[in-house]
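Structure, as structure tokens:
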Amino acid sequence: MEEKKHLRWAVLGAGVIANEMARALQAMGRTLDAAGNRTHDKAVAFAEKYGVKKVYADYHEMFADPDIDAIYLTTPHNTHMAYLEQALTHGKHVLCEKSITLNSEELDRAVKLAEENHVVLAEAMTIYHMPLYRVLRERVASGELGRVNLIQLNFGSFKDYDMNNRFFNRNLAGGAMLDIGVYALSLARLFLASSPDQVKSFVRKAPTGVDESAVLSMMNREGQLVSATLSLHSKQPKRAVISCEKGYIEIMEYPRAQEAVIVEATAGTREVVKAGRTADALVYELEDMEKAVRGEGDMMLSCTRDVMALMTALRREWGVSYPEEE
């Protein structure tokens with residue numbers, strides 16, 4: 001049997017996610033092929049830490065490097081579009097941190113570039129790749145719990161009102177929607193028959209004008225309801241409840257969950273379902289990306305586009321915009 005060819009990976013950025021990505025490749029028995037960062041010294045230190053083969057003196061060189069197949073963009077999301085344009089135009093497959101772009105118009109441009117250059121574009125949304133969600137979707141699809149009627153989502157953390165950090169800084173595309181709302185909406189979309197077409201919301205803004213907290217109520221054409229509560233200034237559990245006709249699924253720490261509880265309504269039985277490991281979240285993303293490049297998998301870009309459309313519409317309704325959009 002012919003051995004499947006591995007992608008030659010470069011990473012842009014040297015922060016938390018880049019470190020996780022490097023460790024994920026090590027867990028897969030591999031090392032990063034190249035790394036770049038806006039601060040060259042940080043890229044050098046990062047490369048020494050993980051045995052990265054190449055460090056770019058100018059990180060823009062990675063986009064045209066013939067020895068690189070795929071790039072993982074781990075930079076702040078207000079920088080993504082400029083880097084996506086360069087990477088995709090040069091024929092690189094791209095795995096991009098969430099939120100993949102600032103808005104739907106940017107994402108549409110990126111998708112068009114990916115199609116024109118015959119490469120895979122994907123958002124690094126762990127929810128789409130954790131084994132637990134595949135198991136849960138199969139259980140729902142089997143019909144044993146009946147139809148999905150309601151999804152309730154909470155995601156919140158308390159961040160100090162430091163208006164210079166990325167959470168509340170308008171110049172860094174801060175705000176709850178693009179930082180944590182993307183997780184809640186991505187999970188909901190995964191279990192809905194179609195994207196919501198009716199949306200109501202309330203928002204509270206930070207002093208900088210970005211969205212600090214929000215409550216969302218949504219319904220799709222099938223009548224499935226979604227309720228989501230988000231906050232960057234109030235601690236909440238990362239909790240999701242998928243309510244069906246005959247029972248419900250409860251997931252804690254849902255972005256990278258490895259365990260869920262299924263409660264059957266009639267008998268009241270509680271079943272603990274386990275699949276995958278939280279620690280391997282980036283491994284699953286990278287494995288799925290490589291399968292997609294080989295034509296063997298789906299990176300859920302259609303769901304990414306649905307979620308981005310919802311987030312774009314909500315921010316515009318709230319009057320929350322960023323300098324790049326003006």
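Assorted remarks:
- Folded to 0 to 90 degrees: helix 40-50 orientation relative to the chain principal axis, Cα: 70
- DSSP beta bridges in the chain [antiparallel fraction, %, rounded to 5]: 65
- Greater than 28 Å apart at Cα, pairs in K49/K98; K92/K235; K42/K112; K49/K112; K5/K49; K42/K291: K92/K235; K42/K112; K49/K112; K42/K291
- Between the helical axis of 104-116 and the longest alpha-carbon principal axis of the chain there is an angle of about 50 degrees.
- Within the straight-line cut-off of under 13 Å between alpha carbons, the aspartates and glutamates reachable from K200 are E317, sequence neighbours fewer than 8 places apart in one chain being disregarded.
- Each peptide among 134-142, 233-241 gets the average number of other Cβ atoms lying within 10 Å of its residues, and from highest to lowest they stand as 233-241, 134-142.
- By average C-beta atoms within 10 angstrom, highest first, the peptides 93-106, 262-275, 164-177: 93-106, 164-177, 262-275
- Pairwise FRET efficiency - H60 versus M219, Cβ, R0 = 56 Å, nearest 0.05: 0.80
- Cα-based helix-to-principal-axis angle, 80-89 vs the chain, degrees rounded to 10: 60
- The separation of segment 274-317 from segment 106-128, counted between C-alpha centres, amounts to 10 Å.
- Here segment 1-74 and segment 192-249 have alpha carbon centers that stand 35 Å from each other.
- The coefficient of translational diffusion for segment 127-277, derived via Stokes-Einstein from the alpha carbon Kirkwood radius under 4 °C and 1.567 mPa s, stands at 80 µm²/s.
- Additional length obtainable on full extension of the chain from S234 to Q26, 0.36 nm per residue less Cα span: 71.3 nm
- Two-site label geometry, E144 and R294: point separation in nm, points 7 Å out along Cα→Cβ: 3.0
- Listed peptides 199-206, 242-249 appear in the order 242-249, 199-206 once ranked by packing, highest mean of other Cβ atoms within 10 Å at the front.
- In the chain, helices alone account for a calculated mean residue ellipticity at 222 nm of -9500 deg cm²/dmol, with every DSSP H run of four or more residues adding -39,500 (n - 2.57).
Throughout, read-outs are computed from the coordinates displayed, never taken from laboratory work. Only a predicted model underlies this, so the values are computations on that prediction, with no experimental measurement involved. Methodologically, a virtual Cβ is constructed for each residue, glycine included, from the backbone with ideal geometry; neighbour enumeration extends over all protein chains shown.
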